[in-house]
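The values are calculated or read from the model by the stated rules, or taken from the named source; none is laboratory data. Since the structure is predicted, the reported quantities are computational estimates derived from the model, not experimental observations. Because the Cβ atoms are built from the backbone with ideal geometry, glycine has one as well, and the counts that use them run over all protein chains shown.
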């Protein structure tokens, strides 16, 4: 990885499929590291089936009991990010930016809009015209939601992030009320007719768009030895 530069910079950490609990520990570790370094990190991964409930969520966002969900192989986590209920599963690209928001005016709303712009540009790379919906977070194609965003901030360093549906099983979203909105339907690159694409290929384009939108220099892949084996176990 290249040494320090002027202005914001970031490295990517691409870890494939990771359990939600392990990814949470990884974010905690990188949050601590960011306080002692000058380089942001963009974690990119996929999760096994898991439902997360943010600070604004309660059990009304679940269409099944937690025990029945676990019997179906879907884990459930109540977490500290903003937002309501969402679901992650294989084929969905999840991103957790660990970035110092002091470089972006300590402005959480601006940060959310920048994340949306990254996702809109990435969808456009695959011929999909996604938009924002007034008063709603995430990106949409018509009335269907293509990507969800739910973030947390500690001492102006971000964690949690976004989930972009590529080729995941949309049927599993029947278990939740997405984002607390009963009428919302989810969509994906695959459902929208995009040519078959690997999630790892979309990662490449998303990194490029992240660098442009955040005006942050890409320093390459995170050096594996800088992440403890404990967090990735």
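Please give the strands (runs of 3 or more DSSP E) falling wholly within segment 1-54 in which 1 or more residues are more than 19 Å from residue 203 (Cα to Cα).
On the way: elements: 9-17, 40-46, 50-53.
Because the criterion is at least 1 residues that are more than 19 Å from residue 203 (Cα to Cα), the strands (runs of 3 or more DSSP E) in segment 1-54 that meet it are 50-53.
Would you pick out the residues in segment 145-166 that are touching a helix residue (DSSP H, G or I) at 6+ places or on another chain (Cβ under 8 Å) and assigned to a loop (DSSP other than H, G, I, E, B)? Can you show your working first?
Of all residues in segment 145-166, those touching a helix residue (DSSP H, G or I) at 6+ places or on another chain (Cβ under 8 Å) come to 145-149, 151, 153-154, 156-162, 164, 166.
If the condition is that a residue be touching a helix residue (DSSP H, G or I) at 6+ places or on another chain (Cβ under 8 Å) and assigned to a loop (DSSP other than H, G, I, E, B), then 156, 166 are the ones that fit.
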Quick one: residue 117 ticks every box in (1) at pLDDT below 95; (2) surrounded by fewer than 23 Cβ atoms within 10 Å (Cβ to Cβ) except a single one, so which number is it? (1)
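Name the single residue, out of those in segment 94-107 being assigned to a helix (DSSP H, G or I) and surrounded by 15 or more Cβ atoms within 10 Å (Cβ to Cβ), that is nearest to the chain's Cα centre (by Cα).
To start, the set of residues in segment 94-107 that are assigned to a helix (DSSP H, G or I) comprises 101-104.
Next, from what is left, pick out any that are surrounded by 15 or more Cβ atoms within 10 Å (Cβ to Cβ): 101, 103-104.
On the way: 101: 17, 103: 20, 104: 19 Å.
Only one residue fits best here, namely 101.
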Among the residues of segment 167-209, write down those that are part of a loop (DSSP other than H, G, I, E, B), under 18 Å from the mean Cα position of the chain (by Cα) and either free of Cβ contacts under 8 Å to residues at least 40 places away in the same chain or crowded, with 17+ Cβ neighbours inside 10 Å (or both). 167, 168, 187, 188, 189, 198
Could you check segment 103-118 and list, in sequence order, the residues that are over 14 Å from residue 147 (Cβ atoms) and in contact with a strand residue (DSSP E or B) (Cβ under 9 Å, 6 or more places away or on another chain)? 103, 108, 111
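Which residue out of 72, 39 is buried (at least 21 other Cβ atoms within 10 Å of the Cβ) and either at pLDDT 90 or above or closer than 20 Å to residue 168 by Cβ (or both)?
Details: 72 fails: buried (at least 21 other Cβ atoms within 10 Å of the Cβ).
Testing whether each residue is buried (at least 21 other Cβ atoms within 10 Å of the Cβ) and either at pLDDT 90 or above or closer than 20 Å to residue 168 by Cβ (or both) leaves just 39.
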When you scan segment 119-144, how many residues do you find that are part of a helix (DSSP H, G or I) and touching a strand residue (DSSP E or B) at 6+ places or on another chain (Cβ under 8 Å)? 4
Testing residue 212 on (1) modelled with pLDDT of 95 or more; (2) farther than 30 Å from residue 72 by Cβ; (3) part of a strand (DSSP E or B), one condition comes back false. Which one is that? (3)
